Amino acid sequence: MKIERRKPLTARAGLMGVGLDTYWEQFPGLLDELMKKMEKLEQKLAANQVEVISFGMVDNAQRAFEALPKIKAADLDILFVDMLTYATSATFGAIVREMNVPVVLVALQPLSALDYEHATTYMQLCNDDLCSVPEFTGVAIRMGKTPPPLVLGMLEGDAAADAQLAEWCRVAHVLHDLRRARIGHLGHVLEAMLDMQTDPTAVTAQFGCHVVQCEADQMMPIYRSIDPAGEEVAAMKKRILDFFDTPDPVSDPLTCKLTDADLETAAVVAVTLEKYIAAKSLDGLAYYYEGEPGSPVRKLVTNFIVGNSLLTSAGFPMCGEFDIKTCLAMLIMDRLEIGGSFAEFHPVDFANDTVLVGHDGPHHLNIADRRPVIRSLKKYHGKPGSGAGVEFNIKTGPITMLSIGVKADGKFKFIIAEGESVAGPIPPTGNTNTHGKFLPDVRTFLSRWVAEGPTHHFALGIGHHAETIRKVADALGIEAVIIPAGR
């Protein structure tokens, strides 16, 4: 079972071809052939859920300056430069100087090798995609920019090159949504968690998104308007029961089989959340609030867990304990289509050289290895309230973690690691956990992880994607470190 996205993935990808105008009179038909090459690249990019804005051929300095205002006005998330044949760096220098989005050079030649026996200058020019790449990267450095990355390969039948293009389109998805996101911030930091404190202005400065200050009381009119016996709640109950298992308790006396009362509360709150985020036009929400004991506000704000897991799985990251940094990390992972559950480290299993990785929510249910479980909890440990809790293992296999820390100078830092989710028993406590295995061993890994200054939360996704996340960090101008796996 899979929860569908609330909004489709998209990004604005610019595409410009480069060549040398001198060639067109010298070699009739060359320009047309090169433009057909560019059309094939445009089709490849469009197949990766991006809107492609083509700026055509830029083949001399004058056309570069003419194209620049159009490129800047297109509100791009990424710019692909198709190295169609040799081109002078005057076609590139003025443009790269002004870019504040990733610029990717693409050199995909039609032939795997020249037909040397029948080779001609025309044939060489059709396959000269690499020739001016050193000139372009060198000029980028002289313009004060980092050298643009290169996708090098063949135009057809090159799975590695196609995978690199797809990866850059996923990075563009992240950047597109980060720049336009409205992330709700509701409540306050869980008392005494100093690592949770985050400056909303710093978030906008670094990521581009707007932080929307929200109030729990703003939800109450919606909450009071919902009829627990109405069709909306009945539909939400069915959705919950269709998706989750509700087993009997096992060993933890704090848990019991999901009660009708907790199911009803979870459904009413889930409907409230969906109506509230629509009313506020939010793309994510980080929250923590307690409310007066016994009040309707407390009942509302302490029963987000089921609804927030459904939302997170639909591409709307919900993050507990007011941790907006991890909310952004979850959004990044979701837009890379690798999940993004709210997680922290739990007890170490020294016998199996693993560490339990999980939290009491929110979770990305689409990365569960089997049907997720809901249990009723008589109390939430360390927090007020009681109600339904979500429990599951994530899929076994490769995993990636991203924590966003804050350094002494106030700047953000990505701490990234790869490991494995391995099969093993998890405590039946109504919380999500998985056994994480990391190289070279769990003691060394955890010592290296904590030494980099992460927050105690992180986003957890499936697959090994550390280098892709580093590309996101580079595009945002954020320091990133990947925890080494060697001894």
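Derivation of every value follows stated rules applied to the coordinates shown; laboratory data play no part. None of these values were measured; they are calculated from a predicted model. Because the Cβ atoms are built from the backbone with ideal geometry, glycine has one as well, and the counts that use them run over all protein chains shown.
Once you have all Cα-Cα distances for the stretch 370-487, histogram them in 10 Å bins from zero and send the whole-percent values.
13, 36, 31, 19, 2
Could you size up the charge dipole of the chain around its Cα centre, putting +1 on the beta carbon of Lys and Arg and -1 on that of Asp and Glu, and report it in debye to the nearest 20?
Working: 46 positive and 61 negative charges, 208 e Å.
Its charge dipole is roughly 1000 debye.
Write down the percent of antiparallel bridges among all DSSP beta bridges whose residues are both part of the chain, to the nearest 5.
50 percent
Provide the gained length on full extension for the span residue 381 to residue 26, in nm with one decimal, where the gain is 0.36 nm per separating residue minus the Cα-Cα distance.
Length gained between residue 381 and residue 26: 120.1 nm.
What number do you get for the chain when its Cα radius of gyration is normalised by 2.2 N^0.38 Å, N = residues?
It is 1.10.
Could you list the residues of the stretch 178-210 with an amide nitrogen less than 18 Å from a label point located 7 Å from the Cα of residue 408 in the Cα-to-C-beta direction?
195
Sort by residue number and report every cysteine in the chain with no other cysteine beta carbon within a distance under 4.7 Å.
Cysteines lacking a close Cβ partner in the chain: 126, 131, 169, 209, 214, 256.
Report the Cα-based extents of the stretch 12-178 along its three principal axes, largest first, to the nearest Å.
Extents along the principal axes: 52, 35, 25 Å.
With labels modelled as points extended 7 Å from the Cα through the Cβ direction, what inter-label distance (nm, one decimal) is found for residue 292 paired with residue 7?
Label at residue 292, label at residue 7, 3.7 nm between them.
Summing -39500 (n - 2.57) over the DSSP H runs of n ≥ 4 in the chain and dividing by its residue number, what mean residue ellipticity at 222 nm do you reach, to the nearest 500 deg cm²/dmol?
-11000 deg cm²/dmol
Between residue 479 and residue 166, with labels modelled 7 Å along Cα→Cβ, what's the label distance in nm to one decimal, could you check?
3.5 nm
If we sort 207-216, 96-105, 244-253, 269-278 on the protection proxy, mean other Cβ atoms within 10 Å, highest first, what's the order?
Descending packing order for the listed peptides: 269-278, 96-105, 207-216, 244-253.
Okay, which of the stretch 303-335 sit inside 13 Å, backbone N to the point 7 Å along the Cα-Cβ direction of residue 226?
303-311
Considering only 93, 151, 194, whose Cα is most displaced toward the positive end of the charge dipole of the chain, charges sitting on Cβ of Lys, Arg (+1) and Asp, Glu (-1)?
My answer, from the dipole projection, is 194.
Within 10 Å, count the other beta carbons around each residue, average over each peptide in 303-310, 340-347, 446-453, and list them highest first. Please report the intermediate quantities before stating the final value.
Numbers: 303-310: 26.5, 340-347: 23.8, 446-453: 15.0.
Listed from highest to lowest mean packing, they are 303-310, 340-347, 446-453.
Net charge near residue 450: determine it from the other residues with C-beta under 13 Å of the C-beta of residue 450, scoring Lys and Arg +1 and Asp and Glu -1.
Spelling it out: positives minus negatives among the neighbours equals -1.
Just want the answer: with Cβ charges of +1 for Lys and Arg and -1 for Asp and Glu, which residue in 26, 166, 73 is farthest toward the dipole's positive end in the chain?
Final value for the positive-end residue is 73.
Taking R0 as 30 Å, what FRET efficiency do you get between residue 246 and residue 467 from their Cβ-Cβ distance, rounded to the nearest 0.05?
0.15
So for the pair residue 113, residue 131, with labels modelled 7 Å out along Cα→Cβ, what separation do we get in nm?
Roughly 2.1 nm, to one decimal.
Under 15 Å from a point placed 7 Å out from the Cα of residue 280 along the Cα-to-Cβ direction: which residues of the stretch 213-230 have their backbone N that close?
213-223
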